[in-house]
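Okay, structure first, notes after.
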Amino acid sequence: TFFSQPADLYSIHNEDVDLHVNFATNNYVGRENNTDTGLWFTGRGVEIRGIINQKLGFYTYVADNQGTFPLYVRQYTERYNMPAEGLSKTLRRTGVDFMTARGYITFRPLKSINVQFGHDRNFIGSGYRSLILSDNSSPYLFMRIDTHLGKFQYTNLWTSMINYENFQGRDLLRAKKYTAMHHLSVNLSDRFNVGVFESIVFSRDNVGGGYDLDYLNPIIFYRFVESYLGSEDNALLGVNFRWLGARRASLYGQFLLDEFLTKCYFNREGSWTKKYAAQLGVKYVDAFGIPNLDLQGEYNVVRPYTYTHRDGARNYTHFRQPLAHPLGANFSELLAIMRYKITPRLSAYGTMMWTKQGVDYDGQNWGGNLLLDYETRVGDFGNTIAQGVPLFTRFADLRLSYMLAHNLFLEGRVLLRREESPRYAVRQSTRLSMIALRYNIPYRQQTF
């Protein structure tokens, strides 16, 4: 009855339904040097996916989780809620208890069009990070339409998100915010792809509420709609590219523009309106002729006050978490990533990160916290990247993963993380090690 197929706990395949049911779990124990509390985690869940009558596809995943994360993750949770999850409650002083739930349906009304609707995250780009739309926030309600026409791929994304700062009613119903996004990607050649992106973040709580139907038009310039409505919604524009420069190497990048005033943008006074984010990265597959050795390097930079708005409800966040980079804004970052499949069962993963970010102090808004509106900014001119109190973070994560059976992994991990600031000397130094058993569930990335 069970495991008739190695990849599935239970499965059915006939002319009416193709169903796959799997148990998923992630468990680890470890120790962190700067705390007297042991690290532990246990998560148990069920994953169900399939297709009905070869027309309607579906996916759902639900899990119950408890554990104690490293100190830097707990501190991030205090500021922005549980990374990639959002809602959680305290357990045994330092632990957390939270539920994970994602699910969507998918169908293809036409040969070239695929539609998804449900609760999940989305990602746009080719990098480890995305400065346009990343998957580090908690899941949200969305409808997505992907259209493939030859060299063109066009994605529409409409979402309903949570403005966690505001509550409505006696039952503490959380206020809503909404986005409308579209991304057009074109293969200019077999080696070069370029894409353009536009997003609008809006809220209508003060004028009737609900989703503004004008933004449901899938083939219109949203900035025009914003002006037509007389609104002051948060508009973002972006471009991305990917170039296969060699047989085993590719170059990729992104550029996002959040504000553009010509009279201020090209001067040298550091106008706060110079709100942009940029990414440049390279991937090297089978590096130096070594099979299954993949290397990646990436540089990200985000100006102060990028992603923020006059109205905090329109900031580029969901459930207090940034929709792009987990650090928010006002930083620069360098990443180095290694993946090496040593044997068919044994793999090594290494991630190194160096960041310089500006931290707020004395109640002043220096441009890094996306939960603050830009009207609370320190000044109009003289703004620079990592302004405020500079905080330097060095991060190194090494993981060995051995597949005991299909999708069952035994893992060992060592992490070194150090925060330094001239204002506080060494703010935090972390060394941790852990061992984990993971089945049918991806590795939980917490690189920040």
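The values are calculated or read from the model by the stated rules, or taken from the named source; none is laboratory data. Here the structure is a predicted model, which is why all the values come from computation and not from measurement. Counting neighbours? That spans all protein chains shown, and the Cβs are built from the backbone with ideal geometry, glycine included. We work out accessible area using only protein heavy atoms, side chains counted, and drop any ligands, DNA or RNA first. Shrake-Rupley method; radii C 1.70, N 1.55, O 1.52, S 1.80 Å.
Taking the stretch 351-362 as the search range and keeping residues that are open to solvent by 10 Å² or more (accessible area, probe 1.4 Å) and either of a type outside the set (Ser, Thr, Tyr) or under 17 Å from the mean Cα position of the chain (by Cα) (or both), which one is nearest to Ala386 (Cα to Cα)?
Gln357
Would you mind telling me which numbered condition in (1) crowded, with 18+ Cβ neighbours inside 10 Å; (2) of a type in the set (S, T, N, Q); (3) within 30 Å of Leu295 (Cβ to Cβ) Asn156 fails?
All conditions pass for Asn156, except number (3).
Every residue in the stretch 215-262 that is part of a helix (DSSP H, G or I), touching a residue at least 40 places away in the same chain (Cβ under 8 Å) and in contact with a helix residue (DSSP H, G or I) (Cβ under 8 Å, 6 or more places away or on another chain), please.
Answer for the stretch 215-262, where residues must be part of a helix (DSSP H, G or I), touching a residue at least 40 places away in the same chain (Cβ under 8 Å) and in contact with a helix residue (DSSP H, G or I) (Cβ under 8 Å, 6 or more places away or on another chain): Tyr215, Tyr222.
Quick one: which residue in Glu259, Glu269 is surrounded by fewer than 16 Cβ atoms within 10 Å (Cβ to Cβ), at negative phi, over 18 Å from the mean Cα position of the chain (by Cα) and of a type in the set (Asp, Glu)?
Within the list Glu259, Glu269, the selection yields Glu269.
Looking at the stretch 409-448, which of its residues are outside any strand (DSSP E or B), open to solvent by 30 Å² or more (accessible area, probe 1.4 Å) and more than 16 Å from Tyr349 (Cβ to Cβ)?
Pro422, Arg423, Tyr424
Of the residues Val115, Val73, which single one is open to solvent by less than 60 Å² (accessible area, probe 1.4 Å), free of Cβ contacts under 8 Å to residues at least 60 places away in the same chain and in contact with a Pro (Cβ under 9 Å, 6 or more places away or on another chain)?
Answer to the check: Val115.
Go through the stretch 245-275 and give me each residue that's closer than 20 Å to Lys356 by Cβ and at pLDDT below 95.
Result: Gly270, Trp272, Lys274, Lys275.
Please enumerate the residues belonging to the stretch 212-229 that are open to solvent by less than 50 Å² (accessible area, probe 1.4 Å) and of a type in the set (D, E, K, R).
Asp212, Glu226
What is the one condition in (1) under 17 Å from Ile385 (Cβ atoms); (2) in contact with a helix residue (DSSP H, G or I) (Cβ under 7 Å, 6 or more places away or on another chain); (3) of a type in the set (Lys, Arg) that Arg310 does not satisfy?
Answer for Arg310: the failing condition is (1).
So if I check each of Met352, Met338, which one is free of Cβ contacts under 8 Å to residues at least 60 places away in the same chain and touching a helix residue (DSSP H, G or I) at 6+ places or on another chain (Cβ under 9 Å)?
Met338
In the stretch 80-90, is there at least one residue being part of a helix (DSSP H, G or I), open to solvent by 30 Å² or more (accessible area, probe 1.4 Å) and in contact (Cβ under 8 Å) with a residue 12 or more places away in the chain?
Yes, that holds for at least one residue.
Tally up the residues in the stretch 383-402 that are open to solvent by 50 Å² or more (accessible area, probe 1.4 Å) and not aromatic (Phe, Trp, Tyr), please.
5
So which residues in the stretch 42-61 are in a strand (DSSP E or B) and without any contact (Cβ under 8 Å) to a residue 40 or more places away in the chain?
Thr42, Arg44, Val46, Ile48, Arg49, Gly50, Ile51, Ile52
Only one residue in Gly367, Gly328 is touching a Leu at 6+ places or on another chain (Cβ under 9 Å), on the phi > 0 side of the Ramachandran plot, crowded, with 20+ Cβ neighbours inside 10 Å and in contact (Cβ under 8 Å) with a residue 40 or more places away in the chain, so which one is that?
Step by step, each of Gly367, Gly328 is checked, and only Gly328 is touching a Leu at 6+ places or on another chain (Cβ under 9 Å), on the phi > 0 side of the Ramachandran plot, crowded, with 20+ Cβ neighbours inside 10 Å and in contact (Cβ under 8 Å) with a residue 40 or more places away in the chain.
Mind checking which residues of the stretch 330-388 are hydroxyl-bearing (Ser, Thr, Tyr), over 30 Å from Leu410 (Cβ atoms) and in a strand (DSSP E or B)?
Ser332, Thr355
Report the residue count in the stretch 282-305 for those that are out of contact with any Leu (no Cβ under 6 Å at 6 or more places or on another chain) and over 30 Å from Asn383 (Cα atoms).
12
Name the one entry in Leu87, Leu56 that is at pLDDT 95 or above and of a type in the set (A, V, I, L, M).
Leu56
Looking at the stretch 1-56 only, could you name the residues that are over 26 Å from the mean Cα position of the chain (by Cα), open to solvent by 50 Å² or more (accessible area, probe 1.4 Å), of a type in the set (Val, Ile, Thr) and under 16 Å from Met434 (Cα atoms)?
Matches in the stretch 1-56: none.
Of all the residues that make up the stretch 91-112, how many are outside any strand (DSSP E or B) and either modelled with pLDDT of 90 or more or loosely packed, with under 14 Cβ neighbours inside 10 Å (or both)?
So the count comes out to 4.
So is Pro304 crowded, with 17+ Cβ neighbours inside 10 Å and part of a loop (DSSP other than H, G, I, E, B) or not?
Judged against the criteria, Pro304 is a match.
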